[in-house]
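Notes to accompany the following structure.
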Amino acid sequence: MNKKVSILLLSLFFCVSVGAQEAQKSELQKSAESAQTIPAARHAYIRAYEDYLGKGQVEQAVECGAKAASLYSKDGLHKEAFELLRSIDQTINSKGGNKAAALHYMVTKERLQMYMKFRKPDSAKEQLNVMESQANASGDEKVKNDLLYQKAIYFYSFGLNAQGDAVFKEMAAKLTASKEYDKVDEVYKQLIANGRRSNNANMVAQSYSNYVAWKDSANALKHADEIAALKKQIADNEASIEEKDSSLTTRGAIIVGLLILAGALAAALVVGAIILLRFILLTRKQKKAIQLSNDNNALKAKFISNISAQLDPTLQKLDSKTPEVKALMDFSQHIQTLSDLENSTGEVEMEEAQIQQFCENIMDQIRDKVKPDVTLKVNAPKMSLEMNKEYVSHILLHLLNNAAIYTPEGGTIWLDYKKRSAHTHQFIVSDTGCGIPEEKREDVFKPFLEIRDLTKGDGLGLPICKQMALKMNGDLDIDPEFTKGTRFVLDLHS
């Protein structure tokens, strides 16, 4: 069974069966849900948590507190997340009343999510055991059903697919018993649509294959239900005929009705068979189209990977001093670098570096490239950090060179380092240049979006930097809240 499909179906089931009817939300909670940034949402949820506690609404308070802890974890502030969850547990002990077990379950579930994010199966299993005790103590069937869902997610997340399938079958049986075929059908369609939007041909093919298998099974169940219903109706009508045997006219009318009903059933079965045959033919055509698309994508990927090697012998014969030839040679090299980064699977090597000296050396390399009266500032502590110096140097130097180009006379360029948590580090490059328009910020990290004059740059510098950041288990983004120029933030996680 496809793991993604199983988890999606479970999510659908519990969206319907687990969530209690939503209570009236406070303005603070609505503000948290509509916040545009993680820090703003987290702050609003904490205020909502405190406000609900002041009003004695413990259940709503625990819900908001758990969401705030989740946002702490999402931002890498794990210590703060655990401290908040510990405080919520203490609040439940004093104010939880007869719902304490269910509320403790909600808090423990958040800890489970964090340990699964840390990839710590043993710690996550301990939380599952605690959740099982809390679910039993709550006496709430919805909480017990949610526990099954969390177990399935745990099994699938750590590769225990057989155990995950066993839990999923139990959930699927409930969906089938309640005959919620349309909901299951919608999940498969959305999964296929998601695969198409992300250009993931393998996901589309696998999802479509599972969808076809499920559709055949669902159609068989539907037809069986229809036939059973019709048989029951026929039996009821025959019983009615026997009870009214004295009225020959009534019996004749019922017989005619049964004949019409049988004809309608036969017609329905014929139409169903025609539709099924057309569906099978369409499925075969779509499978062929998916396979052809996969083959074409593989050929494209191979061509892009080898394009630099194919062009290099020819380019070497040309005059590299010519701007156009130099631009082509740089473009070829950038394509090869981007391809190597995307196709590499090994871990990058890490080495210790002194942050302050490292940052100052990088900044020194652009001093002769800035415009007159541009101020260069480095804010970095005297400490060491394990990182890949080659990748970090490449990224920071590229960002600083861009800043040197776009920062006008009398402007300022900063290179800052900040330690956000025990395992989260940031290098920040800021300038007072013209900035990047908001509508173009999402596209600067995407290669090959437009046709360019290569003598003015090929647009692959930032995509290469983005791939390097991802290879280091980090990320590179533009700070949307910085409005005095441009600020890039390189996040690294140790």
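The values are calculated or read from the model by the stated rules, or taken from the named source; none is laboratory data. Note that the coordinates shown come from a computational prediction; the quantities given were computed from them, not determined experimentally. Glycine gets a Cβ as well: all are built from the backbone with ideal geometry, and neighbour counts include every protein chain shown. To get the accessible areas, we keep the full protein, side chains included, count just its heavy atoms, and leave off ligands, DNA and RNA. Shrake-Rupley method; radii C 1.70, N 1.55, O 1.52, S 1.80 Å.
When the residues of the stretch 133-143 are filtered to those that are in a helix (DSSP H, G or I) and open to solvent by less than 70 Å² (accessible area, probe 1.4 Å), the one that is farthest from residue 114 (Cα to Cα) is 138. Of the residues making up the stretch 378-390, those that are touching a residue at least 40 places away in the same chain (Cβ under 8 Å) and either aliphatic (A, V, I, L, M) or open to solvent by 40 Å² or more (accessible area, probe 1.4 Å) (or both) are 385, 386, 387. Figure legend. Inter-residue proximity from the stretch 261-274: first residues closer than 24 Å to residue 235 by Cα, second residues modelled with pLDDT of 80 or more and open to solvent by 60 Å² or more (accessible area, probe 1.4 Å), beta-carbon distance below 8 Å, spacing 6+ or different chains. Indicated pairs: 261/233.
Could you tell me whether the stretch 90-104 includes any residue that is over 20 Å from the mean Cα position of the chain (by Cα), among the aliphatic types (A, V, I, L, M) and surrounded by fewer than 21 Cβ atoms within 10 Å (Cβ to Cβ)? Taking every residue of the stretch 90-104 in turn, at least one turns out to be over 20 Å from the mean Cα position of the chain (by Cα), among the aliphatic types (A, V, I, L, M) and surrounded by fewer than 21 Cβ atoms within 10 Å (Cβ to Cβ). Filtering the stretch 458-482 to residues that are open to solvent by less than 50 Å² (accessible area, probe 1.4 Å) and part of a strand (DSSP E or B) leaves 475, 476, 478. Starting from the stretch 60-77, take each residue that is closer than 17 Å to residue 89 by Cβ and list its partners that are in a helix (DSSP H, G or I) and among the hydroxyl-bearing types (Ser, Thr, Tyr), counting only C-beta distances under 6 angstrom and pairs at least six apart or across chains. Final answer for the pair search is 60/52; 61/49; 61/52; 64/45; 64/49; 65/49; 67/45; 68/45.
Among the residues of the stretch 116-123, are any assigned to a helix (DSSP H, G or I), closer than 30 Å to residue 425 by Cα and within 20 Å of the chain's Cα centre (by Cα)? Within the stretch 116-123 (the criterion being assigned to a helix (DSSP H, G or I), closer than 30 Å to residue 425 by Cα and within 20 Å of the chain's Cα centre (by Cα)), the answer is yes, since at least one residue qualifies.
With respect to residue 136, is the statement that it is at pLDDT 75 or above and on the phi < 0 side of the Ramachandran plot true? Yes: the conditions hold for residue 136. Here residue 402 meets the list (1) more than 27 Å from residue 40 (Cβ to Cβ); (2) polar (S, T, N, Q); (3) in contact with a Gly (Cβ under 6 Å, 6 or more places away or on another chain) almost entirely, failing just condition (3). The set of residues from the stretch 398-427 being under 30 Å from the mean Cα position of the chain (by Cα) and either of a type in the set (Lys, Arg) or exposed (fewer than 14 other Cβ atoms within 10 Å of the Cβ) (or both) comprises 418, 419, 420, 422, 423. Scanning the stretch 322-365 for residues that are of a type outside the set (S, T, N, Q), in a loop (DSSP other than H, G, I, E, B) and at pLDDT 75 or above yields 347, 348, 349, 350.
Being under 20 Å from residue 335 (Cβ atoms), among the small types (Gly, Ala, Ser), touching a residue at least 40 places away in the same chain (Cβ under 8 Å) and in contact with a His (Cβ under 7 Å, 6 or more places away or on another chain), is that true of even one residue in the stretch 459-472? Yes, some residue in the stretch 459-472 is under 20 Å from residue 335 (Cβ atoms), among the small types (Gly, Ala, Ser), touching a residue at least 40 places away in the same chain (Cβ under 8 Å) and in contact with a His (Cβ under 7 Å, 6 or more places away or on another chain). Among residues of the stretch 357-373 that are on the phi > 0 side of the Ramachandran plot, those with a beta-carbon under 7 Å from a residue that is modelled with pLDDT under 95 and of a type outside the set (Phe, Trp, Tyr) at least six positions away or on a different chain give the pairs 373/409; 373/410.
The set of residues in the stretch 84-110 that are under 16 Å from residue 149 (Cβ atoms) and among the charged types (D, E, K, R) comprises 109, 110.
Take the conditions (1) part of a loop (DSSP other than H, G, I, E, B); (2) at pLDDT 85 or above; residue 442 misses just one of them, which is (2). The set of residues in the stretch 346-377 being in contact with a strand residue (DSSP E or B) (Cβ under 6 Å, 6 or more places away or on another chain), within 17 Å of residue 419 (Cα to Cα) and open to solvent by 60 Å² or more (accessible area, probe 1.4 Å) consists of 352, 354.
Annotation: of all residues in the stretch 149-163 being aliphatic (A, V, I, L, M) and open to solvent by less than 50 Å² (accessible area, probe 1.4 Å), the one that is nearest to the chain's Cα centre (by Cα) is 153. For residues that are within 17 Å of residue 90 (Cβ to Cβ) and assigned to a helix (DSSP H, G or I), scanning just the stretch 47-59, find the one that is most open to solvent (accessible area, probe 1.4 Å). Among residues in the stretch 47-59 that are within 17 Å of residue 90 (Cβ to Cβ) and assigned to a helix (DSSP H, G or I), the one most open to solvent (accessible area, probe 1.4 Å) is 50.
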